[in-house]
Each structure stands twice: as C-alpha cells, then as structure tokens.
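Please see the structure below; I have some questions.
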Amino acid sequence: MDVSVVGPGALGCLFAARLSRAGIRTCLVDYKPDRVKRLNSSGITIESSDERYTEHVHCTVTFPRTTRLVIVLVKAYSTKTLTKLPSCPILTLQNGLGNVETLCSLVGSHRVLAGATYEAAHSLSEGVVRHVASGLTRFGAWTSCETQIAEQILRQAGFLVEVTEAPGQAIWEKTIVNAGINPLTAILNVCNGALLQIPEARQLMRDLVVEAVKVATSEGYRFPFSLIERTEEVCLATRENISSMLQDMRAGKKTEIDAICGEILDRAQIAGLPAPRTRVIWQLIKALETK
Ligand code: PAF
C-alpha cells in the first residue's frame, strides 16, 4: 500500500476513495474490526451534485508495512491514541490546534507534515459520504519532512493543493474559521450557510473570529487578509454542509470543541487576553455534549 488514510469519518472516506479511484494503492485504517469488515464488503460511496460512485478501498485495523504516506483524519481527541505508525511521512489535515504537537511527540517532528483542508463533506451513513464542496488543501513540513510524495499523490487524486512554508499559519487560519462556524451550527442545528442568513448568528460568528484572531496574533501570526471575510466565504462555499461538529452532535458523539475553542481559550489565558464569547460557546457545547 502506498497511502494509509487513518479515520473512517466523512473526510477520511473522501480522501481514501479519491486516492484509490486515481489508481493510488490506498488503505483506510480504522481501529474498529467490525466496521473494517463492513466497509470491506460495502466499499465507500461518494456522492456529489454531479456524480455517485462506490470505491472498494482496502480497510484494515493496522497500517500496512508498505505505507509510504499516512494521512491522519481522525478526530482531534483521538490523535494521542494512534499507535504503530509506519516510518514514513505523517500528514495531519485534522481540525483544531494541538494535533501537530501530539504527532511530533509520537513520531518526531522530522516525520510530520501539517496543514488544513477546506474539502467539505458529511456522512450520510457508514461509508456513504456527501461531498458538498471542494476546497484548498494546504500543508507543509513541520520541520524537515519532505513534502514531494504527499503533494504528488494528492494532486494525482485531483485535490487542489498548495505547499506552504508556514503550516502553523494554515492550521490557525482553519481553526479560526472552524471557531466561527462549527459551534454555532451545532448549537443552532443548522447548515453552514444559515449562519449568513441569521443576522445575530452572523454577528456572533464575526465576534468569535475576532477573538480567535487576537489570540493567534499573540502567538506571532499575522494574516494578510480578513479572517471575517474568509470565514464568510467558507460559510458560503460550504453552505449546504453539515459541519463536522453538528454531525458529531447529531450522532451523540464527543465533538472537537476542546481542540478548537478549548485550545483558543487556553492560549488566550496564557496571553492574558479575554475571550468571553469563545468561553460561553465552549461551555454551551460542553453542556450539550452531556445531554
Ligand atoms: O469542520 C467542518 O465542518 C469543516 O472544516 C468546514 C470547512 C467548516 C465545513 O463544514
């Protein structure tokens, strides 16, 4: 196998199916043996506005020894549980802050590629994914890992790719977008696009983005464009999507709130910055998770 995608959620299935469809030997790694069995027999189905196909991607519980690239798409809170990662570049495209540091502690920073993807998808049922919008996947070497294989493989599968010298910036940008969109869609139980239609929600989304930008700035990041505009653009481009946090909430699963708003709050505290709206939103999602 050339590529192992770990995490059978909407994005994991999308990436695995697209890579496999492009003729790249791909394996989807999942820790649940019963689900692996079902996915091996059903295949992964991807539907979008213009096509529907089923790809028979090989699924396993362990990483094949021949893996040349791992793409990590497990939930942020599961990163620390990854074991027996093969000796090859490990690319994280997960939501939230903190994944890179966890992976560096597991495999060493010289093997870590990090970034973010604006591909938008949600699960319709196990192994069946609705691909709502394509978007840029931006990543780079965290320290010294070579980027070439990952770039070539992702391009071959038709992903829109940009290699960056500043992967930390790409991750922060996406986290700020997620901090604006994800918890609000989960609390209001609406698709991403609805946040632009409801004036109070739109204003709160903007306020959350402003708080997060201030925290990122305290860590030395500078954004050469408006993150408010960027977040609204993503909302529009992914208007039909059910955000990953709303998907988790509807499925009664733990959300990625700690890796998004929780991390922003921790870092705000270190910088001595107030982030009152982010705190309330974090508290509301934590409360809803217990329901
Ligand atoms: O987490 C998500 O749902 C996605 O990152 C995004 C881009 C907000 C689209 O729904």
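Using the Kyte-Doolittle scale, find the helices of the chain whose mean hydropathy is at least 0.0 and whose Cα atoms extend 27 Å or more along the helix's long axis, counting only whole DSSP H runs. Don't jump to the answer; show the numbers that get you there.
Numbers: long enough: 167-188 (31 Å, 0.50); 199-218 (29 Å, 0.08).
Once both thresholds are applied, what remains is 167-188, 199-218.
Which percent of Cα pairs goes in each bin when the distances of region 1-60 are cut into 5 angstrom slices starting at zero?
The percentages, shortest bin first, are 4, 21, 34, 26, 11, 4, 1.
A follow-up question, please. Rounded, prolate or oblate: which one fits the chain, using the alpha carbon gyration tensor with axes a ≥ b ≥ c (rounded when a/c is under 1.5, else prolate when a/b beats b/c, else oblate)?
Values: a/c = 1.66, a/b = 1.33, b/c = 1.25.
Prolate is the answer for the chain, as a/c is 1.5 or above and a/b outweighs b/c.
For region 190-289, how big is Rg over Rh, using alpha carbon atoms and the Kirkwood form of Rh?
Values: Rg = 13.9 Å, Rh = 14.4 Å.
My calculation puts Rg/Rh at 0.97.
Region 75-171: which trypsin sites (Lys or Arg not before Pro) are DSSP loop and have at most 11 other beta-carbon atoms within 10 angstrom? If you can, show how the numbers build up before the last one.
Details: sites: K75, K80, K84, R111, R130, R138, R155; in loops: K75, K84.
Sites meeting the loop and neighbour criteria: K84.
Same structure again: Find how many whole Å separate the alpha carbon centroid of region 47-69 from the alpha carbon centroid of region 223-291.
Computed from Cα coordinates, the inter-centre distance equals 29 Å.
Give me the net charge for the shell around V163: Cβ to Cβ below 14 angstrom, other residues only, Lys and Arg +1, Asp and Glu -1.
So the environment of V163 carries a net charge of -2.
Now, a different point. What does the charge count near I270 come to, summing +1 for each Lys or Arg and -1 for each Asp or Glu among other residues with Cβ under 15 Å from its Cβ? Walk me through the numbers on the way to the answer.
Numbers: positive: K214, R267, R279; negative: E101, E211, E219, E263, D266.
Overall, the nearby charge balance is -2.
Next question. At a probe radius of 1.4 Å, what is the per-residue accessible area of L204, in Å² to the nearest 10?
Its heavy atoms expose roughly 50 Å² to the probe.
How much of the calculated P(r) for region 3-165 lies past 19 Å, in percent of all Cα pairs?
Details: 6580 of 13203 pairs.
Tail of the P(r) past 19 Å holds 50 percent of the pairs.
Arrange the residues D266, D50, D30, D258 by how much accessible surface each exposes, largest first, with a 1.4 angstrom probe. Show your work: numbers first, answer last.
Details: D266 85, D50 130, D30 5, D258 60 Å².
Ranked from most to least accessible, the order is D50, D266, D258, D30.
Using the Cβ atoms and a cut-off under 14 Å, what net charge is assigned to the surroundings of E126, where Lys and Arg are +1 and Asp and Glu are -1? Spell out each step's value before the answer.
Working: positive: K32, R35, K37, R38, R130, K253; negative: D30, D34.
Within the 14 Å Cβ shell, the charges total +4.
Sequence neighbours fewer than 8 away in the same chain don't count; with that in mind, list the lysines whose C-alpha is under 20 Å from K80.
Partners within reach: K32, K253, K254.
Continuing with the same structure: Cut-off 20 Å, label point 7 angstrom out along Cα-to-Cβ of Q152: give me the residues of region 100-121 whose amide nitrogen falls inside.
Counting backbone N atoms under 20 Å from the label point, the list is 111-114.
Here's something else I'd like to know. Alpha carbon centre of region 122-180 versus region 73-101: separation in Å?
Here the two parts' Cα centres lie 13 Å apart.
Kindly sort L93, L11 by accessible area of their heavy atoms, largest first, with the probe set to 1.4 Å. Provide the component values of the computation, followed by the final result.
On the way: L93 5, L11 45 Å².
Heavy-atom accessible area, descending, gives L11, L93.
With a 1.4 Å probe and all protein chains kept in place, how do V280, V74 rank by accessible area, largest first? Provide the component values of the computation, followed by the final result.
On the way: V280 75, V74 25 Å².
Largest accessible area first, the residues go V280, V74.
Find the relative contact order for the chain and round it to a whole percent, using C-alpha pairs within less than 8 Å whose residues are 6+ positions apart. Walk me through the intermediate numbers first.
Numbers: 584 pairs, mean separation 45.8, N = 291.
Over the chain, the number comes to 16 percent.
Run the 1.4 Å probe and let me know the accessible area of S41, rounded to the nearest 10 Å².
About 90 Å², ignoring ligands and nucleic acids.
Which value, in debye to the nearest 20, describes the size of the charge dipole of the chain about its Cα centre when Lys and Arg Cβ atoms bear +1, Asp and Glu Cβ atoms bear -1, and nothing else is charged? Working shown, then result.
On the way: 32 positive and 29 negative charges, 143 e Å.
The calculated dipole for the chain is roughly 680 debye.
Please report the accessible area of R21 (heavy atoms, 1.4 Å probe, ligands and nucleic acids excluded) in Å², nearest 10.
Number for this one is 120 Å².
Follow-up. Would you calculate a helix-derived [θ] at 222 nm for the chain, using -39,500 (n - 2.57) for each DSSP H run of n ≥ 4 and dividing by the full residue count, to the nearest 500? Kindly include the intermediate steps, with their values, before the conclusion.
Numbers: 11 runs with 127 residues, N = 291.
It lands at -13500 deg cm²/dmol.
The values are calculated or read from the model by the stated rules, or taken from the named source; none is laboratory data. Fair warning: this is a prediction, and the values are worked out from it, not measured in the lab. No Cβ is skipped: glycine too gets one built from the backbone with ideal geometry, and neighbour counts run over all protein chains shown. Accessible surface is based on the protein model in full, side chains and every heavy atom, while ligands, DNA and RNA are left aside. Shrake-Rupley method; radii C 1.70, N 1.55, O 1.52, S 1.80 Å.
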